[in-house]
Amino acid sequence: DFAVLDVPWDGARYMMYQTLHGRPIVQGYLGRRVEAAFCDTLPFELNQLGIQKQLLLEKKVKYIVIHKKKLDWDVRRSHDLSYIKTLHYVASVYSYYYEKIYETADAATFKVY
């Protein structure tokens, strides 16, 4: 009776994660979209996390998982290293709005409710 939001959207990799935890996810692919999906209207700007939280509560999204790096990232590549640093910063900002329940160097999990 709850869903999971994976951040950032990494191609379709979050759908692979869904097969592991078995919970509904916010994102997903369809052959054809007929209207805007919830994830299309969800704000991800760090100054909009209060609004994001309210929308997630309304849709019963219980957890947010921030993947701080992809499986194929390489810190020797400057672009990948910069993105990893950005996602670490994003995770630190999320901890002001959401309860952090788990964190490793690779990911952080936050509880919405």
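In the context of the full set of protein chains, the stretch 35-110 has a per residue accessible area of 63 Å² (1.4 Å probe). Here the chain carries DSSP beta bridges of which approximately 60% are antiparallel, counting only pairs with both residues inside. Of the solvent-accessible surface of the chain, computed with a 1.4 Å probe over protein heavy atoms with every protein chain present, carbon and sulfur atoms account for 54 percent. A cut-off of 5 Å between modelled amide H atoms, ignoring neighbours fewer than 5 places along the same chain, links residue 7 with 65, 66, 67. Estimated from helices alone, the mean residue ellipticity of the chain at 222 nm is -11500 deg cm²/dmol (sum of -39500 (n - 2.57) over DSSP H runs with n ≥ 4, per residue). Of all the C-alpha pairs in the chain, what % are more than 19 Å from each other? Counting pairs separated by more than 19 Å, the tail of P(r) holds 46 percent.
Summary of packing: across the peptides 99-112, 56-69, 34-47, the per-residue average of other C-beta atoms within 10 Å ranks them, highest first, as 56-69, 99-112, 34-47.
Between residue 58 and residue 88, the simple spin-label model (points 7 angstrom out along Cα→Cβ) gives 3.6 nm.
Across all directions, the shadow cast by the convex hull of the stretch 69-110 built on its C-alpha atoms averages 2.8 square nanometres.
The values are calculated or read from the model by the stated rules, or taken from the named source; none is laboratory data. Since the structure is predicted, the reported quantities are computational estimates derived from the model, not experimental observations. Please note: Cβ atoms are built from the backbone with ideal geometry, for glycine as well, and neighbour counts cover all protein chains shown. Surface accessibility is based on the protein's heavy atoms, side chains included, excluding ligands, DNA and RNA. Shrake-Rupley method; radii C 1.70, N 1.55, O 1.52, S 1.80 Å.
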